[in-house]
1. Please state which one of SER43, SER100, SER27, SER82 is open to solvent by 50 Å² or more (accessible area, probe 1.4 Å) and either within 21 Å of ILE132 (Cα to Cα) or in contact with a Lys or Arg (Cβ under 8 Å, 6 or more places away or on another chain) (or both).
2. Please tell me if LYS109 is modelled with pLDDT of 95 or more and open to solvent by 40 Å² or more (accessible area, probe 1.4 Å).
3. Does any residue in the range 125-142 that is over 23 Å from GLU106 (Cβ atoms) come within less than 9 Å, Cβ to Cβ, of a residue that is of a type in the set (Asp, Glu) and assigned to a helix (DSSP H, G or I) six or more places away or on a different chain, and which pairs are these?
4. Would you please list the contacts, defined by Cβ atoms under 9 Å and residues six or more apart or on different chains, that run from a residue in the range 95-107 that is of a type in the set (Gly, Ala, Ser) to a residue that is surrounded by 16 or more Cβ atoms within 10 Å (Cβ to Cβ)?
5. I'm checking my understanding of the structure. Among residues of the range 46-56 that are touching a His at 6+ places or on another chain (Cβ under 9 Å) and not in a strand (DSSP E or B), which one is surrounded by the most Cβ atoms within 10 Å (Cβ to Cβ)?
6. Given the residues PHE136, PHE122, which is the only one that is closer than 23 Å to PHE68 by Cβ, modelled with pLDDT under 95 and of a type outside the set (D, E, K, R)?
7. Do we find a residue being acidic (Asp, Glu) and closer than 26 Å to SER13 by Cα anywhere in the range 40-49?
8. Condition first: assigned to a helix (DSSP H, G or I) and open to solvent by 30 Å² or more (accessible area, probe 1.4 Å). Now tell me which residues in the range 120-132 satisfy that.
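The values are calculated or read from the model by the stated rules, or taken from the named source; none is laboratory data. The shown structure was predicted, so the numbers you read here are calculated from the model rather than taken from an experiment. Neighbour counts are summed over all protein chains in view; Cβ atoms, including those assigned to glycine, are modelled from backbone coordinates with ideal geometry. We work out accessible area using only protein heavy atoms, side chains counted, and drop any ligands, DNA or RNA first. Shrake-Rupley method; radii C 1.70, N 1.55, O 1.52, S 1.80 Å.
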Amino acid sequence: KAAARKLAPSAPSGFKFVYLYQHHRMSIKQLRDTLRKLKVDNSRVLDVHFPDRGVVGILIHNDFETEFAAQLNRRGVKLYDSFDPYHPDIVRDPEYKDKSTDERTEQAKIIFNNTCTRAINFIKTPHIKIAIARNFLQKAWISE
């Protein structure tokens with residue numbers, strides 16, 4: 001597969017989070033075990049996080065998105081395409097309960113920024129870490 005990827009047409013360079021529905025709480029290890037059972041190549045899953053109740057975010061390279069979605073679709077798993085990490089309802093801290101939508105949206109952006117920063121720090125391979133950081137910076141998901 002890796003050799004074939006080198007000769008195949010490439011998707012736009014970069015990384016993205018894809019989101020899946022999650023019916024019950026599970027650890028990252030349990031999620032990776034589930035992905036393995038679904039025949040997903042876990043080495044291409046760069047990071048996993050849980051941005052909201054019932055949602056799991058998976059960081060992948062853009063080149064892997066089509067294969068990832070197809071592998072999951074074959075098993076009846078659909079991507080959560082409409083998930084918005086900046087949606088104000090993600091902010092569940094009681095401190096923000098009575099705040100305006102704009103304030104909660106801004107807090108959601110801060111939370112997503114922190115998620116992206118943690119994802120970068122989790123990556124151990126230096127050239128991949130730099131590529132992800134550069135891509136996140138271009139998308140304005142993080143700041144310098």
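1. Values: SER100 fails: either within 21 Å of ILE132 (Cα to Cα) or in contact with a Lys or Arg (Cβ under 8 Å, 6 or more places away or on another chain) (or both); SER27 fails: either within 21 Å of ILE132 (Cα to Cα) or in contact with a Lys or Arg (Cβ under 8 Å, 6 or more places away or on another chain) (or both); SER82 fails: either within 21 Å of ILE132 (Cα to Cα) or in contact with a Lys or Arg (Cβ under 8 Å, 6 or more places away or on another chain) (or both).
Sole residue among the options that is open to solvent by 50 Å² or more (accessible area, probe 1.4 Å) and either within 21 Å of ILE132 (Cα to Cα) or in contact with a Lys or Arg (Cβ under 8 Å, 6 or more places away or on another chain) (or both): SER43.
2. Details: modelled with pLDDT of 95 or more: yes; open to solvent by 40 Å² or more (accessible area, probe 1.4 Å): yes.
Yes: the conditions hold for LYS109.
3. none
4. Filtered contacts from the range 95-107: SER100/PRO88.
5. Residues of the range 46-56 that are touching a His at 6+ places or on another chain (Cβ under 9 Å), as a first pass: 46, 52, 54, 56.
Restricting the remaining residues to those that are not in a strand (DSSP E or B) gives 46, 54.
Details: LEU46: 20, GLY54: 13.
The residue in question is LEU46.
6. Details: PHE136 fails: modelled with pLDDT under 95.
PHE122 is the lone residue from the list that is closer than 23 Å to PHE68 by Cβ, modelled with pLDDT under 95 and of a type outside the set (D, E, K, R).
7. Looking only at the range 40-49, we keep the residues that are acidic (Asp, Glu), and these are 41, 47.
Then drop every residue that is not closer than 26 Å to SER13 by Cα, which leaves 41, 47.
Taking every residue of the range 40-49 in turn, at least one turns out to be acidic (Asp, Glu) and closer than 26 Å to SER13 by Cα.
8. From the range 120-132, those assigned to a helix (DSSP H, G or I) are 120-122, 126-132; that's our starting set.
Within the range 120-132, ASN121, PHE122, PRO126, HIS127, ILE128, LYS129, ILE130, ALA131 qualify.
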